[in-house]
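What follows is a set of notes on a single structure, which appears directly below.
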Amino acid sequence: MRNDWLHPHAGTAAVLVTVAAVKGSVPREPGAKMLVRAGDFDGTIGGGHLEHRALDISRTMLQLGEARHFERFPLGPSLGQCCGGVAWLAFERMEVEQMDILSARRHQDTWRLVALDGASEWTLLDEAGRHLAGAVTTPALEAQGGTRVVEGEGGRRWLLDAVLAPRDHLMLFGAGHVGAAIVRALAPLPCRVTWVDERDDLFLADIPANVTVEATDTPEALVEKAAPGTSFLVMTHSHALDLRLCHAILSRSSKDWFGLIGSSTKRSQFEARLRERGIDAARIDDMVCPVGLPGIEGKAPAVIAASVAAQLLSVWEAAHHPEEQPELS
């Protein structure tokens, strides 16, 4: 999931619960989090009895003013969960300074180093291991791999926690009804979206945290500058603009996933025009049009958005685990 616990609540006391380590079958992976306040919470560590127990512990900490807690939970024997593995949870009273920095860096990798033993202290590091905030008297540790518990001098334990920006990036062209529906569908998912249109009055009033708006009349320049691995989705108000964007995307040296909204007829027309413009036939074959999962025929914006979001998740999962996934178009 994206960092959906990163919702600043100024002046509201909260406890951050982090899955610090796991063994065997567990609901969530190391690094999964939820931010617990007296009356509500954001994020999840997987639900079930483990999450209910974590909520109870967190709210007791808030009542008693406790700063930190670290506990091992055997899911089968003590909590009656069928997965039966073991999860170690770290609980920490969150400070406004740390939350503000993490919220501001939600699109950048950040490492947290949190003491589990001894004096209560923490440090934030950037992706290069440079100090950002917090205590500086912490062990020298190389920020590689994922969230885990590490041992420092004298056997003191630390939580080395990766708060990573989403790796998957969609560049979405078009702020019409379907574009807006796709932005809403992707809002809670582990991705970043660059939403592009020249008509800045069409963007949603409430832009999701994982979305960056680009109001520009030269969208091809954004295509040119996009990093390799960016996914592209074109659905503008103009077929002429769609064609220009198709040409720009298919001319890139990196073979990124590219979807074009439209019918089979539109695809045939665009294929012919792109061939005339010198685009290689094999690259044209990579263009996904129509978009969405096969078998879902609904044309309502919300239906298209759900289908496209599922398609993108499949593409991104395949990219992350090529040895485990079938090749997808």
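Quick check on LEU64: is it surrounded by 17 or more Cβ atoms within 10 Å (Cβ to Cβ), within 20 Å of SER120 (Cα to Cα), at pLDDT 90 or above and not aromatic (Phe, Trp, Tyr)?
Details: surrounded by 17 or more Cβ atoms within 10 Å (Cβ to Cβ): no; within 20 Å of SER120 (Cα to Cα): yes; at pLDDT 90 or above: yes; not aromatic (Phe, Trp, Tyr): yes.
Answer is no for this residue.
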Checklist outcome for this item: Checked segment 285-306 for anything under 19 Å from THR236 (Cβ atoms) and either free of Cβ contacts under 8 Å to residues at least 24 places away in the same chain or open to solvent by less than 20 Å² (accessible area, probe 1.4 Å) (or both); matches are MET287, VAL288, CYS289, GLY292, LYS299, ALA305
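Filter segment 216-242 for residues that are of a type in the set (A, V, I, L, M, F, W, C) and under 20 Å from HIS177 (Cα atoms) and give the result. Walk me through it before giving the result.
So the first thing to find is which residues in segment 216-242 are of a type in the set (A, V, I, L, M, F, W, C), and the list is 221-223, 226-227, 232-235, 240-241.
Within segment 216-242, PHE232, LEU233, VAL234, MET235, ALA240, LEU241 meet the criteria.
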Checklist entry - Looking at (1) outside any helix (DSSP H, G or I); (2) within 30 Å of VAL19 (Cα to Cα); (3) among the aliphatic types (A, V, I, L, M); (4) not assigned by the TED database to the domain that holds TRP88, which is the one condition that is false for VAL183? => result (1)
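Give the residues of segment 170-218 that are at positive phi and in contact with a Cys (Cβ under 8 Å, 6 or more places away or on another chain), sorted by residue number. Write out each step before concluding.
Quick first cut of segment 170-218, residues at positive phi only: 174.
Result: no residue meets the conditions.
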Checklist entry - If GLY31 satisfies every condition in (1) open to solvent by less than 60 Å² (accessible area, probe 1.4 Å); (2) without any contact (Cβ under 8 Å) to a residue 40 or more places away in the chain; (3) not in a strand (DSSP E or B) but one, which is the exception? => result (2)
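Can you report the number of residues in segment 232-241 which are more than 12 Å from MET287 (Cα to Cα) and either of a type in the set (A, V, I, L, M) or free of Cβ contacts under 8 Å to residues at least 60 places away in the same chain (or both)? Spell out the reasoning first.
Going residue by residue through segment 232-241, those that are more than 12 Å from MET287 (Cα to Cα) are 235-241.
Still in the list and also either of a type in the set (A, V, I, L, M) or free of Cβ contacts under 8 Å to residues at least 60 places away in the same chain (or both): 235, 238-241.
Residues flagged as more than 12 Å from MET287 (Cα to Cα) and either of a type in the set (A, V, I, L, M) or free of Cβ contacts under 8 Å to residues at least 60 places away in the same chain (or both) within segment 232-241 amount to 5.
Each row is one residue, and each column tells you yes or no for (1) of a type outside the set (A, V, I, L, M, F, W, C); (2) farther than 22 Å from LEU6 by Cβ; (3) crowded, with 17+ Cβ neighbours inside 10 Å.
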residue	(1), (2), (3)
ALA181	no, yes, yes
PRO188	yes, no, no
ASP197	yes, yes, yes
ALA209	no, no, no
Next on the checklist: Restricting to segment 254-278, and then to whatever is over 20 Å from PHE173 (Cα atoms) and in a loop (DSSP other than H, G, I, E, B), can you tell me which residue is least open to solvent (accessible area, probe 1.4 Å)?
Outcome noted: GLY278
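Take PHE203 and tell me if it is part of a helix (DSSP H, G or I), open to solvent by less than 30 Å² (accessible area, probe 1.4 Å) and not aliphatic (A, V, I, L, M). I'd like the intermediate steps shown before the answer.
Values: part of a helix (DSSP H, G or I): no; open to solvent by less than 30 Å² (accessible area, probe 1.4 Å): yes; not aliphatic (A, V, I, L, M): yes.
For PHE203, the condition - part of a helix (DSSP H, G or I), open to solvent by less than 30 Å² (accessible area, probe 1.4 Å) and not aliphatic (A, V, I, L, M) - is not met.
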Checklist outcome for this item: Listed by first then second residue, the pairs whose first member lies in segment 125-148 and is assigned to a loop (DSSP other than H, G, I, E, B), whose partner is of a type in the set (A, V, I, L, M, F, W, C) and modelled with pLDDT under 70, with beta carbons under 8 Å and at least 6 positions apart or on separate chains, are GLU127/ALA143; GLY129/ALA143
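Can you find even one residue in segment 243-265 that is at positive phi and either modelled with pLDDT under 95 or in contact with a Pro (Cβ under 6 Å, 6 or more places away or on another chain) (or both)?
Initially, segment 243-265 is screened for residues at positive phi, giving 262.
Cutting the leftovers down to either modelled with pLDDT under 95 or in contact with a Pro (Cβ under 6 Å, 6 or more places away or on another chain) (or both) gives us 262.
There is at least one residue in segment 243-265 that is at positive phi and either modelled with pLDDT under 95 or in contact with a Pro (Cβ under 6 Å, 6 or more places away or on another chain) (or both).
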Checklist entry - Looking only at residues in segment 78-91 that are surrounded by 15 or more Cβ atoms within 10 Å (Cβ to Cβ) and out of contact with any helix residue (DSSP H, G or I) (no Cβ under 9 Å at 6 or more places or on another chain), which one is modelled with the lowest pLDDT? => result GLY85
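Would it be correct to say that PRO228 is at pLDDT below 95, in the same structural domain as VAL315 (by the TED database) and closer than 21 Å to ALA309 by Cβ?
On the way: at pLDDT below 95: yes; in the same structural domain as VAL315 (by the TED database): yes; closer than 21 Å to ALA309 by Cβ: no.
No; evaluated as a whole, the condition is false for this residue.
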Item to check | Extreme residue, nearest to the chain's Cα centre (by Cα), among residues of segment 218-242 that are in a helix (DSSP H, G or I) and crowded, with 19+ Cβ neighbours inside 10 Å | outcome: VAL223
Checklist entry - Quick check: is even one residue across segment 93-111 of a type in the set (A, V, I, L, M, F, W, C), open to solvent by 50 Å² or more (accessible area, probe 1.4 Å) and in contact with a Gly (Cβ under 9 Å, 6 or more places away or on another chain)? => result yes
Next on the checklist: I'd like to know if segment 153-160 contains one or more residues that are surrounded by 15 or more Cβ atoms within 10 Å (Cβ to Cβ) and more than 30 Å from GLU97 (Cα to Cα).
Outcome noted: no
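The values are calculated or read from the model by the stated rules, or taken from the named source; none is laboratory data. Bear in mind that the values here come from a model prediction, so they are computed numbers and not experimental data. Note: ideal-geometry Cβ built from the backbone for every residue, glycine included; neighbour counts use all protein chains shown. Note: areas computed on protein heavy atoms with side chains; ligands, DNA, RNA excluded. Shrake-Rupley method; radii C 1.70, N 1.55, O 1.52, S 1.80 Å.
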